[in-house]
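Down below is the structure, laid out as structure tokens.
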Amino acid sequence: MSVHDCQLVELPVIHAPEGNLTFVEGGRHISFDIARVYYLYDVPGGAKRGGHAHKSLEQLIVAMSGSFEVLLDDGSERRSVILNRSYVGLRLVPMVWRELVNFSSGSVCMALASAPYDEADYYRDYEDFRAAAA
Ligand code: TYD
């Protein structure tokens, strides 16, 4: 898996004068069944989130409000993606180190995940990750 597998996914939008609606279906807009949803909010200015890679977890992350930047690193290549639309997700694949930075005030990051939380699925040490990804 590489940073190039972390693709942007444009989600459907139902436009209406009363407001827009977006939906995500597991197996349709993302390749996995959704096992867990979590969200980051009240992120203080200058804070960084992430700073890890997953061994097998797949995710789709969406800036539900505001914006933030995702720094991707597969051990040989790096890429940066800015998320700032409620109808655009970023697919995060296993074995890609990710950091979330530059959160705008009031931003919310929603993550749809392929499995329940499991600390054993994390690489939290960058050098361990680099060695495993080589
Ligand atoms: P972590 O995945 O490191 O958050 P981020 O990547 O956004 O910085 O998780 C932070 C803490 O929250 C850590 O102690 C594990 C816990 N946690 C859960 O208990 N369940 C979850 O679904 C997630 C994502 C984290």
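The values are calculated or read from the model by the stated rules, or taken from the named source; none is laboratory data. Treat the numbers as computed from the prediction; the structure is a model and nothing was measured. For neighbour counting, all protein chains shown are included, and Cβ atoms are generated from backbone atoms with ideal geometry for every residue, glycine included. Ligands, DNA and RNA are stripped out before the accessible areas are found, and what is left, the full protein with its side chains, is counted by its heavy atoms. Shrake-Rupley method; radii C 1.70, N 1.55, O 1.52, S 1.80 Å.
So the values come out like this:
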| quantity | calculated |
| --- | --- |
| Selection of GluC sites (Glu not before Pro), segment 1-96, meeting DSSP coil and at most 14 other Cβ within 10 Å | E18, E25, E77 |
| Contour minus Cα-Cα distance for M64 and R28 (0.36 nm per residue) | 11.0 nm |
| Where D73, D125 fall by accessible area, highest first, once all protein chains stay in place (1.4 Å) | D125, D73 |
| Label-point gap, in nm, between V88 and V9 - each point 7 angstrom along Cα→Cβ | 1.6 |
| Shape call, segment 57-102: gyration tensor on alpha carbons, a/c limit 1.5 | oblate |
| Percent carbon-and-sulfur accessible area, the chain, ignoring ligands, DNA and RNA, probe 1.4 Å | 49 |
| Rounded accessible area per residue of segment 47-134, 1.4 Å, Å² | 46 |
| Three-way shape label, segment 1-72, alpha-carbon gyration tensor, a/c 1.5 | oblate |
| At R0 = 22 Å, FRET efficiency that the Cβ-Cβ distance of E119 and Y38 yields, to 0.05 | 0.95 |
| Compactness relative to 2.2 N^0.38 Å, alpha carbon Rg of the chain | 1.04 |
| Per-residue HN-Hα couplings for segment 2-8 [Karplus 6.51, -1.76, 1.60; θ = phi - 60°; Hz; x = Gly/Pro] | 10, 4, 6, 7, 8, 8, 6 |
| Gained length - M1 relative to E18, 0.36 nm times residue gap less alpha-carbon distance | 2.0 nm |
